[in-house]
Amino acid sequence: MDRTTLGIIIAVVVVVVIALLIIFFVSRRSRARRQEERRERTREEFGPEYERTAQERGSEEDAERELRQRRGRIERQVEPLSDESRRRYEERWGEVERLFVDNPERSVEMADRTVSDLLEERNFVSDPAQSDEETGRGLAAMHPEVADDYREARRIRASAVGRSAGNEDGDGDTTEEMRQALRSYRSVYERLVEG
């Protein structure tokens with residue numbers, strides 16, 4: 001083989017290797033960009049639940065996978081409300097709001113029971129022993145925009161029950177907390193009733 005042929009072969013090999021490296025890096029960069037776009041869509045779709053899950057799992061990739069799996073599981077088990085059930089819950093919620101003026105704590109208790117019953121009827125609660133945290137996670141998979149409201153309402157309610165058990169005097173701060181809990185329960189209630 002003469003030097004010219006050898007030079008051409010070497011040049012072709014170098015060009016092919018460079019072309020393959022360029023293709024490899026471009027495809028790798030493109031894949032990374034698609035993954036980041038998908039992750040951003042997931043972040044927007046699940047809101048604070050995405051950040052919470054990523055922190056718990058220690059990885060955005062694991063968080064994304066878990067949230068998608070959780071949503072798939074919840075979508076398969078959640079049931080729609082019948083028109084009759086919807087009317088019954090609307091009547092109950094009207095009573096919750098009417099009662100607030102005279103007895104905020106009792107109103108919040110009724111709101112909690114109404115939302116809990118809704119979660120059970122819609123099948124967000126698959127096991128009677130299911131924790132509030134697991135219920136919140138299931139709710140967040142389908143309705144991430146109200147999951148924090150659910151958690152906040154449950155937190156305020158638990159705090160109020162604790163104060164009541166300690167026989168602490170209620171005051172304006174307690175009424176304002178009850179008002180906030182009721183607002184939070186209402187947003188969860190509305191989302192669950194509409195679908």
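The values are calculated or read from the model by the stated rules, or taken from the named source; none is laboratory data. Quick caveat, the model's predicted, so the values are computed rather than measured. Methodologically, a virtual Cβ is constructed for each residue, glycine included, from the backbone with ideal geometry; neighbour enumeration extends over all protein chains shown.
In the range 126-163, how many residues are closer than 20 Å to Arg68 by Cα and not in a helix (DSSP H, G or I)?
The qualifying residues number 2.
Any residue at all in the range 20-43 that's assigned to a helix (DSSP H, G or I), at pLDDT below 90, within 30 Å of Ile156 (Cα to Cα) and not assigned by TED's automatic domain parsing to the domain that holds Ser184?
Yes, the range 20-43 contains a residue that is assigned to a helix (DSSP H, G or I), at pLDDT below 90, within 30 Å of Ile156 (Cα to Cα) and not assigned by TED's automatic domain parsing to the domain that holds Ser184.
Let's see how each residue does on (1) surrounded by fewer than 10 Cβ atoms within 10 Å (Cβ to Cβ); (2) touching a residue at least 60 places away in the same chain (Cβ under 8 Å); (3) under 30 Å from Arg122 (Cβ atoms); (4) out of contact with any Ser or Thr (no Cβ under 8 Å at 6 or more places or on another chain):
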position	(1), (2), (3), (4)
Ala19	no, no, no, yes
Arg34	no, no, no, yes
Arg39	no, no, yes, yes
Glu49	no, yes, yes, yes
Arg65	no, no, yes, yes
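Anything in the range 110-125 that is surrounded by 19 or more Cβ atoms within 10 Å (Cβ to Cβ), in contact with a Ser or Thr (Cβ under 8 Å, 6 or more places away or on another chain) and assigned to a helix (DSSP H, G or I)? List them, or say none.
Result: Leu119, single match.
Matching residues to (1) under 29 Å from Gly195 (Cα atoms); (2) in contact with a Pro (Cβ under 8 Å, 6 or more places away or on another chain); (3) of a type in the set (Phe, Trp, Tyr):
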position	(1), (2), (3)
Ile10	no, no, no
Arg33	no, no, no
Pro48	yes, yes, no
Arg52	yes, no, no
Arg98	yes, no, no
Val108	yes, no, no
